[in-house]
Structures are given as structure tokens and as C-alpha cells.
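What follows is a short report on a single structure.
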Amino acid sequence: HRRAGERDSRHVGELNTLQTLVDGAPQLLLVVASNGRVSTVRGAAPRGVATSNLVSEGLASAAVAGDRQKVSAALASALDSGEAGVAFAPLLDPTRTVCLDLRQVSPDLLVGVMRDATLDKARETALRQARAEAEGLAAGRARFLANMSHELRTPLNAIIGFSDIMRARMFGPLTDR
């Protein structure tokens, strides 16, 4: 009996540790039914997402009206192909970006992770902008070099032409000077 009690005690300790780990996760962990209803919410919700709305109104209620169709499409895609991801603006703070990743665990049940991706989106935008600026600078440099090459070639062609005429002595002999 003592060994069974020790196993039960260890099992309870592991469950407490697992619950602490899940509840303290920096993302929001979800259990979602095939109809979009959220049955379980654990972890930290991204700014702009109200967990009470998720449970009472469904997964799409987390998004602004214009992004709700995207969330519903991701839900359908996850049920169809086994997993899906979507980025959307949360209802309570549309200036932010939230990413939702869904994975099917049974025919009518999904698990999901929702996280704040505002910084990721800002970095991506900054990188796109830096790339556009670099491409603009490279194009400007190429234009400058093409123009300078053309501007130098025109007088050089005249000099080379006259030098060839002088070397060929087409207009008579040249003095040593």
C-alpha cells in the first residue's frame, strides 16, 4: 500500500507541475470544438483578446469584424487538413496582431495556441522597407554608373578617333613634337 500511495503522491505532484506550466504559458492555449466554440482556455491571453468572449461567443469573436472570416476559414482548414494558422487584428486592440495556430487532435476537436505577433509584424515591415530602400539605392547607383560611363565614353571616343587618325598619318606626317 505504501508504494501505491507514493505513486499517487508523485502523480499528483506531476499534475500540479503540468497545470502550473500550462497556466503560466506566455501564450494562450485553447481547446476548440469543430463549431468554433472554445471549451478550455489556459495561459496568458495576448493584449486585445478577452478570454471570456472566446468561451461565450466562439473563436472568431476574438477578431475585428474584417478578420473574422479569416479565423473561420483557418478553423475549417484545420478541420480539413489537420492544421492551420492565421494572423488577425484582435477586437479589443486592432492596432496589434495576433497569430493563431490550430491543430486537429480528433475529428471534432482542435487545440490552438494564440500569441501576440505585433513585434514580429513590425520587424517584418521594417525588413521589407529596408529591402525596398536598398533596392532603390542599388538602382540609383546603377543609373549613376551607366550615365557616367556614357558621359566619359563620348569624349573618349573622339580622342581615340583623333589619335588613330594621327597614328595612321592620314593628314600627312607628324613632327616629333
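The values are calculated or read from the model by the stated rules, or taken from the named source; none is laboratory data. Bear in mind that the values here come from a model prediction, so they are computed numbers and not experimental data. So basically every Cβ, Gly included, is an ideal-geometry build from the backbone, and we count neighbours across all protein chains shown. All accessible areas refer to the heavy atoms of the entire protein, side chains included, with ligands and DNA or RNA removed. Shrake-Rupley method; radii C 1.70, N 1.55, O 1.52, S 1.80 Å.
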With a ≥ b ≥ c the root eigenvalues of the C-alpha gyration tensor of segment 83-150, is it rounded (a/c under 1.5), prolate (a/b larger than b/c) or oblate?
prolate
Could you give the angle, 0 to 90 degrees to the nearest 10, between helix 68-81's Cα long axis and the longest principal axis of the Cα atoms of the chain?
80
In degrees rounded to 10, the 0-90 angle between helix 118-168 Cα long axis and the longest Cα principal axis of the chain is 10
Rg/Rh for the chain to two decimals, with Rh computed the Kirkwood way over all alpha-carbon pairs.
1.56
Using only Cα atoms, find the angle between the long axis of helix 2-23 and the longest principal axis of the chain, and express it within 0 to 90 degrees, rounded to the nearest 10.
40
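Cβ under 12 Å from LEU59's Cβ, LEU59 left aside: what net charge do those residues give with Lys, Arg +1 and Asp, Glu -1?
Details: positive: ARG37, ARG68, LYS70; negative: GLU57, ASP67.
Net charge around LEU59: +1.
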So who's got an amide H within less than 5 Å of the one on ALA44, skipping anything under 5 residues away but keeping other chains? H placed 1.01 Å off N, in plane.
ALA25, GLN27, LEU28, LEU29
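With the full set of protein chains in place, find how many percent of the accessible area of the chain is carbon and sulfur; take the probe as 1.4 Å. Before the final figure, lay out each step's value.
Details: 7180 of 12520 Å².
Whole-percent figure for carbon plus sulfur exposure: 57.
Below 14 angstrom from the Cβ of ALA126, what's the summed charge of the other residues (Lys, Arg +1; Asp, Glu -1)? Write out the running numbers ahead of the final one.
Working: positive: LYS121, ARG123, ARG128, ARG131; negative: ASP120, GLU124, GLU133.
Local charge sum for ALA126: +1.
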Calculate one ³J(HN,Hα) per residue across segment 83-90 by plugging θ = phi - 60° into the Karplus curve 6.51 cos²θ - 1.76 cosθ + 1.60, and present them in order as whole Hz with x for glycine and proline.
7, 7, x, 8, 10, 8, 8, x
